[in-house]
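The values are calculated or read from the model by the stated rules, or taken from the named source; none is laboratory data. Computed from a predicted structure; not experimentally measured. So basically every Cβ, Gly included, is an ideal-geometry build from the backbone, and we count neighbours across all protein chains shown. We work out accessible area using only protein heavy atoms, side chains counted, and drop any ligands, DNA or RNA first. Shrake-Rupley method; radii C 1.70, N 1.55, O 1.52, S 1.80 Å.
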Amino acid sequence: MQNLLNLYQLSPFLLILTVIGLTVMLIFKMKKIEELNSYVAHLKRSLDEIDEQAKLILRTDIELNKIQEELDRKIIALYALQRISREISTTIDESEIFAHIKDSHIEDMGFEKALIFLWNEKKKKFTEVFNLGYNPQELESIIEDLDNDFYLKIMETNQTISSFSCSDEQLKEKIKNLFKVNSFVITPLLPKEGNRGFVFVGREAMDTMLTAGNEELIIIFANQLSQTLDNARLFEKTWQAQQELERKVEERTLQLSRALEEIKMISKRKSDFVSAVSHELRTPLTSIKGYASILLSEKLGQLPPAVKERLDKINRHSDELAQLVNNLLDISRIESGKISMKLEPLNLKEIIEEVVDLMNVQLKEKEIEFKFELSADVEYVLADRQQLERVFINLLGNAIKFTPAKGKISIRASSLDNLCQIDITDTGIGIPQESLGAIFDEFYRVDNPINQKVKGTGLGLSLVKRIVEAHGGSIWVRSKLNEGSTFSFTIPKPK
Amino acid sequence: MDIGIGISQQKNITSALEEALWQAKAQLGKEKINIAFLFSCPEFASPSLLKTLHLYLPHTPLVGASTLAVIFNSHIYRHSLALCLIHSENLKVSVAAVKDIQKRNAFLAGEELGTKLLQDFKFERRDFAMVFSNGLLEESSSLIRGLQDRLGTSFPLVGACASDNLRFKETYLYFNDELLTDGAVGILFGGKIIFNLSSRHGWKPLGKIRRITQSKGNILIKIDDRPAVSLYEDYFARDLPSLKKDLKYLSTLYPIGIYLEGEEEYLLRNILYIEDDGSLICQGDVPQDSTIRLMIGTKESCLSATQQATEELMRGISTSVSIKKQINIVFIFDSASRYVLLRRSAEEELKLVQNTVQKNIPNKLEYSDSNIPIIGLYTYGEQAPLKALYYMGKSHFHNQSIVLTTIGD
């Protein structure tokens, strides 16, 4: 230091130079500090600005979050409503509908408490059918304090009340206190038929505001519920009606089957009786006919013509009676299944020709024009020869009997899948419409001049029908009075 | 290790319990059960639930907590009850509980819990601890510090604060046949098991850096020498009454983040109450002189954090040991705040965990037939170790986080 002072004493110029240098440096430093200060101030301002921007970001973010949250809530609520709709709409049992509403559905719609009540007209009180968020004691006290008239009026006027839209502060407070919530929606449940009621939903939380959207959602929910109730009740009603109908049908079926059993029993008794009687008749009839024949042979002595004539009658009537008894016996045998059809392939043409040969005398007597058509695909039928001949004899016999002289009779045979259809057409007197249904019945005889003159057993067609049916075929008739009749029957073809 | 998980959404408590138990036992297929976990929504929490369960499993240690929804595999089950039964020849567990924490010192309660847990572990190897505690407890950090005082500061510890259905009224803890509200239940795992832990939140800092100039435990009194509430007043341009009204919402989406040297993420603190003097009552400790920021979370950042946490978890999986010996089950402790933020996307987060776990299994052939079971609950606070070396694996109280734990043997 001493050296430095000495140096300055030696050279004042150097001193001046140092002072100047230091001053310049100081000025330079001052400038630098100033710059730095300004830079710091700038940085501080930037930071403050960034912080202000952060504030802006935060405020925007919170708004966005709230909007997003509201949107999320709405979407979740709509999903919940859709889920409920889907789950309850397929329910047809009324008691199941409310069981399908899950707690999470209501919560997703934005409410943590819910009650659904239905009005019980008999008991004059509301019955709870759905409960979320209340324990039994709380629920009991709510039902006890429920102002029935007020809620019935809501139902009557189809009015929705909510903490959002209700302007009656006193009423709002009353409802809030009753249900112990801070916001709520109450909307009626109005199915077209049956018990009506109301839906209550509520929130305890103070910090979430109810919106018109919440209210609308609950109204839609209640409507959906009402509709489902209607469907369930309608289904129940229809179901009940159907049950009643089914019960009646069953009852009637039982009555009918009893009657049928009775008829079958009677019919069997009749067959048994006829069969027994016929048997018993046949033996004396054979004796009568035998003795009549002996007497008529005049081996026992000459007979006066008057006696002979009477004996002839006895003989003829005995024949008729034997025929009758035989037919009756056959019918009852076929009916009881005692006769089995000896089925064999038969040449239809041969059978018909044989029968026609047999009847030729009568045909010629009445100068009836006979025609026989056999289509190419019918050659053989599967039948019992003797019985099939009986069918033809009976039907052709009837045709000749009821066809006036110079009339026409034709037999046509055609194929019908695995059956053969045979039509015997005549130009006879025909059958009155009212008799068509009965002509195959036993002992039924159409009331006409020919029948009044010519005797018959009334068993022929009945026997024919039974034979045809025993072959697995069927028989029917078409006829027009005074124009003629066509008897048709089917008989199986060999496979 | 064999796992059996049953879940039921039946309304009737007994029916739900029986259904879950039947499923879990059928799936477990073993008579011996080392430990049972019961997670249920608050409406199931009743003394009769635990008494009934105890009749069915009289010799099985049972722990659990209430939750706003049960997490099972990649789905969220509200109004449900889940039972998870674990059997392992290599596993040793000790369970303990403490009651009435708020009536006394939370730190002492933590110490008591630690002491009880250690009673059964004289010589065996201790692996890690899990704790379930009252979700409405203000001094959760103290409870954990007390527990660490006994178990060791760096002892691996994960925890979940029970939740209710976001009403913040009462949360429940399950301990054998007892139902606790203001308590904590601990499980000490030991024997020869393999575990992995990871946690993340995804919230990002916003705005200026600030400093806590006065605080005491979990009470944040002053930030930058101004009443702590001014932070929220400034940022949201709200007055005190309006802030108080919206506090749960604001604090869930915009918590305070404490800067931790070396950590990738800030330590988050939810605000439980605002005092009239402007102090903020936080859910965990807020050390004085800490640097803090206001935090902001978005769905994307939240999901991306979940992805990172799961990837981190799977990085702990060794390629030389069969995966079946390393992960038999994944526990998720997921903050209820994440549920609120993610809302409709909440299940996406769980699918992300499931997919990431499956994707990161070293030998793809293993577990290809069935997924690793995942069970968990939503929490009002989480405990998990910090990652930076500096903290030596010490567990801290977190908010807004997802904590993943895998256990295998």
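Tabulated data for the structure shown
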| quantity | calculated |
| --- | --- |
| Pairwise centroid distance, computed over Cα atoms, of segment A:24-56 with segment A:438-478, Å | 131 Å |
| Other protein chain Cβ atoms within 10 Å, averaged over every residue that makes up A:404-414 | 0 |
| Shielded residues, segment B:231-258 - accessible-area loss of 50 Å² or more between chain alone and all protein chains, probe 1.4 Å | B:Tyr235, B:Tyr249, B:Tyr254 |
| 1.4 Å probe accessible area per residue over chain B, in Å² | 38 Å² |
| Per-residue SASA entry for A:Asp377, accessible area with 1.4 Å probe, Å² rounded to 10 | 90 Å² |
| Rounded to the nearest 10 Å², the accessible area of A:Glu367 at probe 1.4 Å | 110 Å² |
| Heavy-atom surface of segment A:269-376, accessible at 1.4 Å and reported per residue (Å²) | 66 Å² |
| Fraction of accessible area attributable to carbon and sulfur, segment A:1-79 (%, probe 1.4 Å) | 71 percent |
| Charge sum, other residues only, whose C-beta stays under 13 Å from B:Ser94's C-beta, Lys/Arg counted +1 and Asp/Glu -1 | +3 |
| Probe 1.4 Å, all protein chains present, accessible-area order of A:Trp476, A:Trp239, largest first | A:Trp239, A:Trp476 |
| Förster radius 22 Å - calculated FRET efficiency between A:Lys342 and A:Lys268 (Cβ-Cβ, nearest 0.05) | 0.30 |
| Set A:Lys113/A:Lys174; B:Lys324/B:Lys359; B:Lys51/B:Lys169 screened for pairs whose C-alpha atoms are more than 21 Å apart | B:Lys51/B:Lys169 |
| Label-to-label distance, nm, for residues given as A:Asp147 and A:Ile57 (7 Å Cα→Cβ offset) | 5.4 nm |
| All lysines inside 24 Å of A:Lys371 as judged from Cα atoms, apart from same-chain residues fewer than 8 positions distant | A:Lys349, A:Lys401, A:Lys406, A:Lys408, A:Lys465, A:Lys480, A:Lys493 |
| Per-pair calculated FRET efficiency, R0 = 45 Å: A:Gln255 and A:Gln323 via Cβ, rounded to 0.05 | 0.65 |
| Exposure ranking of B:Leu49, A:Leu343, B:Leu206 by accessible area [1.4 Å probe, largest first] | A:Leu343, B:Leu206, B:Leu49 |
| A:Leu139-B:His75 pseudo-label distance in nm [points 7 Å out on the Cα-to-Cβ vector] | 2.7 nm |
| Heavy-atom accessible surface that A and B bury in contact, both chains counted, 1.4 Å, Å² to 100 | 2500 Å² |
| Charge dipole (debye, nearest 20) of chain A; +1 at Cβ of Lys and Arg, -1 at Cβ of Asp and Glu | 2180 debye |
| Reduction of at least 30 Å² in accessible surface, 1.4 Å probe, comparing all protein chains with the chain by itself, residues of segment A:77-105 | A:Asp103 |
| Accessible-area composition of segment A:358-446, carbon plus sulfur, in percent [1.4 Å probe] | 50 percent |
| Where A:Val378, A:Val477 fall by accessible area, highest first, once all protein chains stay in place (1.4 Å) | A:Val477, A:Val378 |
| Over chain A: helical MRE at 222 nm, DSSP H runs n ≥ 4 each giving -39500 (n - 2.57), nearest 500 | -21000 deg cm²/dmol |
| B:Asp2 - accessible surface, heavy atoms, 1.4 Å probe, Å² rounded to 10 | 50 Å² |
| Inter-chain Cβ neighbour average for residues A:57-65, partner chain, 10 Å | 5 |
